[in-house]
Amino acid sequence: MNLNIKDYLDFTYSLVSIRDLDEFMETSLKKLRNLLNADAGSIFIYSEDDKSLTFKYTQNETIDIPFKEFSIPLDETSIAGYSGLRRKIVRIDDVRSISGFPFGFNVNFDKMSEYLTKSVMAIPLVNAKDELIGVLQLINKKISDKIVAITDFQSQIEAFSKDDEAISYSLSGIIAVALDNSLLHKDIEDMWEGFIKASIQAVEARDPATKGHTDRVTKLSLFFAEALHDDTGQFNDFYLSKDMYRMFKYACLLHDFGKIGVRESVLNKSNKLFPYQIEVIKWRIEAAKYHLPEMKNELDACLKCVLMANEPTITESSVLGELKKCNEIKYEHPIFGEVKVVDESEYESLSVNKGSLTYEERKEIQSHVQHTYDYLTKIPWTRELKDIPRIACMHHEREDGSGYPFGLKSSDIHILAKIMSITDIYDALTAKDRPYKKALPPEKALSILKSETETGGLDKKLVDFFVQNEIYSLQQEE
Ligand SMILES: [Fe+2]
Ligand SMILES: [Fe+2]
């Protein structure tokens with residue numbers, strides 16, 4: 001069999017256009033098998049660390065063999081090991097009568113899989129730097145390209161020829177170079193993913209509540225997007241390519257990264273005043289009792305009122321009234337002059353009607369999305385990942401334009417960001433690790449999401465899909 005220039009070009013073109021490593025390996029193995037009529041084949045990937053070959057890919061036209069990864073040493077005890085070590089193509093006409101080689105054939109594989117291996121050709125994959133990257137093994141060359149039953153193997157399987165060896169030699173070079181590119185691409189991707197995870201760890205170290213949140217929002221958002229991709233109803237047009245999936249995964253992982261730019265004390269603030277502020281008020285009240293002994297009862301009541309108002313729950317109006325009186329109590333200190341028991345900024349913080357944050361602190365927390373955007377836009381993303389900053393920072397935008405940081409309207413918000421807004425709110429409501437609030441049961445969280453669609457906050461169709469298809473249940477399963 002001879003290949004013409006077109007065959008070579010077709011083979012090369014079909015491989016260089018694949019970036020996904022697994023797809024690349026499967027395709028190159030299949031193409032070579034088809035060209036040489038090999039019934040089965042496998043690829044071992046070489047690891048320089050422990051000088052081993054790992055069985056990573058396998059194909060068999062006759063039987064279904066359950067895949068199990070295993071490693072063999074790069075030595076002369078196996079056909080693949082020998083081929084890789086010697087950098088030589090090895091042709092064995094019949095594995096049951098091997099002669100002139102240091103290895104034999106392990107019949108256990110055939111016994112286990114009920115297959116019958118006869119002819120084998122092992123091809124070392126060596127890159128342009130003359131480094132071994134794997135071994136490709138073709139098994140059982142068929143006389144024709146028809147499917148052959150195992151019972152006919154004796155008559156229908158022949159040995160790989162010198163011509164087959166020559167073809168494999170030239171094509172293995174193309175495979176090795178393309179494989180090297182894929183491995184390099186994968187290394188860069190792994191390195192990048194590692195960097196993202198390390199960055200997230202830096203945020204999580206400052207804000208324990210973000211720890212589980214990032215991971216849960218990422219999983220739930222991807223699950224949600226995949227369900228939309230599979231939908232044959234009103235989201236029939238929604239298509240999630242592999243590149244989009246990866247881009248969305250990174251955007252989810254990085255969505256709250258900007259919290260790195262928010263003060264830790266604000267991120268973790270569980271009450272209206274910081275603990276040190278409460279200690280200072282207590283100290284002032286004790287001092288006031290010394291200077292104003294006639295007001296002891298009022299001062300005791302004042303401390304009680306401060307502690308009640310300090311809780312992040314909704315403050316009763318009667319407590320707010322009492323608080324006003326506390327703010328008016330002052331005494332004369334011999335060094336500092338007039339001292340208020342509860343000063344203006346403490347009074348302002350304690351007067352917040354709901355939650356633990358003042359207006360400025362809330363704004364500071366909200367600035368995390370701007371920080372996310374500013375940070376992520378500094379990264380020179382590849383073409384497929386360029387939307388990451390935009391999507392990551394849009395998770396607090398709202399349909400009616402009331403969101404932040406840009407106040408975008410529905411039509412300007414990316415659908416993936418809308419998905420993340422829903423999962424982000426759902427998780428925040430049901431999270432058990434928030435210092436400032438109790439976790440809500442799923443039913444209550446879902447009804448809040450629905451009410452958000454009525455007030456123009458969230459996309460109604462997406463929330464309905466989230467509820468009706470029980471996307472949220474992924475979190476309960478975990
Ligand atoms: Fe956020
Ligand atoms: Fe978030």
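Things to note:
- Top-ranked residue in the stretch 339-388 [being within 14 Å of ligand 1 (Cβ to nearest atom) and free of Cβ contacts under 8 Å to residues at least 60 places away in the same chain; ranked as nearest to the chain's Cα centre (by Cα)]: GLN366
One line per residue, one yes/no per condition, for (1) more than 18 Å from LYS56 (Cβ to Cβ); (2) of a type in the set (Gly, Ala, Ser); (3) surrounded by fewer than 19 Cβ atoms within 10 Å (Cβ to Cβ):
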site: ALA122; (1), (2), (3): no, yes, no
site: SER161; (1), (2), (3): yes, yes, yes
site: GLY194; (1), (2), (3): yes, yes, yes
site: LYS197; (1), (2), (3): yes, no, yes
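- Some residue of the stretch 91-98 being in the same structural domain as ILE167 (by TED's automatic domain parsing), touching a residue at least 24 places away in the same chain (Cβ under 8 Å), among the basic types (Lys, Arg) and outside any loop (DSSP other than H, G, I, E, B): yes
- For the stretch 380-401, filtering for residues that are touching a Ser or Thr at 6+ places or on another chain (Cβ under 9 Å), surrounded by 14 or more Cβ atoms within 10 Å (Cβ to Cβ) and assigned to a loop (DSSP other than H, G, I, E, B) leaves 8.
- Residue that is assigned to a helix (DSSP H, G or I), within 16 Å of ligand 2 (Cβ to nearest atom) and under 18 Å from the mean Cα position of the chain (by Cα), where the choices are GLU226, GLU204, GLU193: GLU204
- The listed residue being within 16 Å of ligand 1 (Cβ to nearest atom), more than 18 Å from MET394 (Cα to Cα) and of a type outside the set (D, E, K, R), out of VAL266, VAL217: VAL266
- Screening the stretch 404-435 for residues that are assigned to a loop (DSSP other than H, G, I, E, B) and within 15 Å of ligand 2 (Cβ to nearest atom) and picking the one that is surrounded by the fewest Cβ atoms within 10 Å (Cβ to Cβ) gives ASP433.
- Residue list for the stretch 272-313, restricted to those being among the charged types (D, E, K, R) and not in a helix (DSSP H, G or I): LYS272, GLU311
- Which numbered condition LYS461 fails, given (1) away from ligand 2 (no atom under 16 Å from the Cβ); (2) among the basic types (Lys, Arg); (3) not in a helix (DSSP H, G or I): (3)
- Cβ-Cβ distances below 9 Å connect the following pairs, each with a first residue in the stretch 19-40 that is in the same structural domain as LYS142 (by TED's automatic domain parsing) and aromatic (Phe, Trp, Tyr), a second residue that is buried (at least 16 other Cβ atoms within 10 Å of the Cβ) and in a helix (DSSP H, G or I), and a separation of six or more residues or different chains: PHE24/LEU15; PHE24/ILE175; PHE24/ALA178; PHE24/LEU179; PHE24/ASN181; PHE24/SER182.
- Residue satisfying all of: in the stretch 335-359; outside any loop (DSSP other than H, G, I, E, B) and hydroxyl-bearing (Ser, Thr, Tyr); surrounded by the most Cβ atoms within 10 Å (Cβ to Cβ) among these: SER349
The values are calculated or read from the model by the stated rules, or taken from the named source; none is laboratory data. Just so it is clear, the structure is predicted and the values come from calculations on it, not from any experiment. Glycine gets a Cβ as well: all are built from the backbone with ideal geometry, and neighbour counts include every protein chain shown.
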